[in-house]
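Peer 1: Have a look at the structure that comes next, please.
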Amino acid sequence: MSEAECPLLNQMRMPEIQLGAHTVRSHGVKVARTHMHDWIILLLLIVIEVILNVIEPFHRFVGEDMMTDLKYPMKDNTVPFWAVPMLAIMLPLFVILVYYFIRKDVYDLHHAILGLLFSVLITGVITDAIKDAVGRPRPDFFWRCFPDGKGVFDPVTKDVMCTGIKSVIKEGHKSFPSGHTSWSFAGLGFLALYLSGKIRVFDRQGHVAKLCIVFLPLLIAALVGISRVDDYWHHWQDVFAGGLLGLTVSSFCYLQFFPAPYEVDGISEEKKGTEAI
């Protein structure tokens, strides 16, 4: 039986044919123009993020009798600052690009990149805004405040009178929540949801190996959070709040562009509308 004699066969093959037609070259400019305002908002978020990192955080009262839990030694970061964007942005971006080269679907590529960047930047803005407003001292605050180990306190209020480097002290007031953790869970949490939809983890076929693939990004994010406690840069509450914040924002951003991971069809609603046309 030929394809012309079997309309059902044609319908079954149509999505595969259309996927190859929606490439960056054929539809890239159109998709980008449709979401131009979203990209402008992304730029605004970057500006806000820069400002939040420049301004001075709230200097919470730290009395002499409060130093007991803030005398942990200063250590280098197990996961350096530059590694966080690599894990939270570049790693998910690599997976997204690999999927594009396999399926040639510019709608999926654009929405995944936009959702990932929104997830990370919104999380970053919320995290740093809370950091600046709360001003919680880090566990190693004593040594940031008094690098020579000699505490100096106000004779009346008993508040700290720091003698250390101003930039180091400033960073010492940014414990809550953990930025490393929130960024990691924002980017890698988005990746976990993205993978869930693409490999159809919840197809009820009993393939537990799929769950292992999805849990791997979350494990990496969790290890980043644990390192922050081990390095004495954060209290455990900071890491817990950062992880929860990152997962929450990434879930909202993913669902803004894609159906829930347990849906059979993992393409975006905008792509569906284009296929219908």
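The values are calculated or read from the model by the stated rules, or taken from the named source; none is laboratory data. Computed from a predicted structure; not experimentally measured. Please note: Cβ atoms are built from the backbone with ideal geometry, for glycine as well, and neighbour counts cover all protein chains shown.
Peer 1: Can you pull out every residue in region 198-235 that is touching a Gly at 6+ places or on another chain (Cβ under 9 Å), assigned to a helix (DSSP H, G or I) and of a type outside the set (Lys, Arg)?
Peer 2: Hits for region 198-235 are 217, 218, 221, 222, 225.
Peer 1: I want to confirm something. Restricting to region 56-71 and keeping residues that are assigned to a helix (DSSP H, G or I) and under 32 Å from the mean Cα position of the chain (by Cα), which single residue is modelled with the highest pLDDT? Write out each step before concluding.
Peer 2: The first filter runs over region 56-71 and keeps only residues assigned to a helix (DSSP H, G or I), leaving 64-70.
Still in the list and also under 32 Å from the mean Cα position of the chain (by Cα): 69-70.
Values: 69: 90, 70: 95.
This residue is 70.
Peer 1: Quick check on residue 147: is it at pLDDT 90 or above and over 21 Å from the mean Cα position of the chain (by Cα)?
Peer 2: When the stated conditions are applied, residue 147 passes them.
Peer 1: Within region 90-131, how many residues turn out to be over 25 Å from residue 251 (Cβ atoms) and in contact with a helix residue (DSSP H, G or I) (Cβ under 6 Å, 6 or more places away or on another chain)?
Peer 2: 1
Peer 1: Since residue 39 meets every condition but one in (1) surrounded by fewer than 10 Cβ atoms within 10 Å (Cβ to Cβ); (2) in a helix (DSSP H, G or I); (3) at pLDDT 90 or above, which condition does it not meet?
Peer 2: Result: residue 39 passes all but (1).
Peer 1: Looking only at region 219-260, how many residues end up being in contact with a Phe, Trp or Tyr (Cβ under 6 Å, 6 or more places away or on another chain) and aromatic (Phe, Trp, Tyr)?
Peer 2: Taking region 219-260 as the starting set, the residues that turn out to be in contact with a Phe, Trp or Tyr (Cβ under 6 Å, 6 or more places away or on another chain) are 221, 229, 232, 238, 243, 246-247, 250, 253-254.
Next, only the ones that are aromatic (Phe, Trp, Tyr) stay: 232, 254.
Residues flagged as in contact with a Phe, Trp or Tyr (Cβ under 6 Å, 6 or more places away or on another chain) and aromatic (Phe, Trp, Tyr) within region 219-260 amount to 2.
Peer 1: A further question follows. I need a count of the residues in region 209-247 that are surrounded by 23 or more Cβ atoms within 10 Å (Cβ to Cβ) and small (Gly, Ala, Ser).
Peer 2: Final tally of qualifying residues: 5.
Peer 1: Residue 231 passes all but one of (1) of a type in the set (Asp, Glu); (2) without any contact (Cβ under 8 Å) to a residue 60 or more places away in the chain; (3) closer than 19 Å to residue 87 by Cα; which number fails?
Peer 2: (2)
Peer 1: May I ask you to say which residue of 170, 174 is modelled with pLDDT of 95 or more, of a type in the set (D, E, K, R) and surrounded by fewer than 24 Cβ atoms within 10 Å (Cβ to Cβ)?
Peer 2: Step by step, each of 170, 174 is checked, and only 170 is modelled with pLDDT of 95 or more, of a type in the set (D, E, K, R) and surrounded by fewer than 24 Cβ atoms within 10 Å (Cβ to Cβ).
Peer 1: Another question about this same structure. Of all residues in region 73-103, how many are part of a helix (DSSP H, G or I), more than 15 Å from the chain's Cα centre (by Cα) and closer than 20 Å to residue 228 by Cβ?
Peer 2: 0
Peer 1: Sticking with this one: Considering region 92-130 alone, what residues qualify as being of a type in the set (Ser, Thr, Tyr), closer than 30 Å to residue 178 by Cα and surrounded by fewer than 24 Cβ atoms within 10 Å (Cβ to Cβ)?
Peer 2: None; the set is empty.
Peer 1: Step by step: first the residues of region 131-149, then only those that are touching a Cys at 6+ places or on another chain (Cβ under 9 Å) and in a loop (DSSP other than H, G, I, E, B), then the one that is nearest to residue 183 (Cα to Cα). Which residue is that?
Peer 2: The qualifying residue nearest to residue 183 (Cα to Cα) is 137.
Peer 1: Ok, one more. What number of residues within region 145-184 are of a type in the set (S, T, N, Q) and touching a helix residue (DSSP H, G or I) at 6+ places or on another chain (Cβ under 6 Å)?
Peer 2: So in region 145-184, the residues of a type in the set (S, T, N, Q) come out as 157, 163, 167, 175, 178, 181-182, 184.
Filter once more, keeping what is touching a helix residue (DSSP H, G or I) at 6+ places or on another chain (Cβ under 6 Å): 175, 178, 181-182, 184.
Residues flagged as of a type in the set (S, T, N, Q) and touching a helix residue (DSSP H, G or I) at 6+ places or on another chain (Cβ under 6 Å) within region 145-184 amount to 5.
Peer 1: Within region 140-152, work out how many residues are in contact (Cβ under 8 Å) with a residue 40 or more places away in the chain and either loosely packed, with under 13 Cβ neighbours inside 10 Å or within 14 Å of residue 60 (Cα to Cα) (or both).
Peer 2: The qualifying residues number 3.
Peer 1: Let me ask something else. I'd like to check something: does region 150-163 contain any residue that is touching a His at 6+ places or on another chain (Cβ under 7 Å) and not in a helix (DSSP H, G or I)?
Peer 2: no
Peer 1: If residue 186 satisfies every condition in (1) of a type in the set (Gly, Ala, Ser); (2) within 26 Å of residue 56 (Cβ to Cβ); (3) in contact with a Pro (Cβ under 6 Å, 6 or more places away or on another chain) but one, which is the exception?
Peer 2: So residue 186 meets the others, but not (3).
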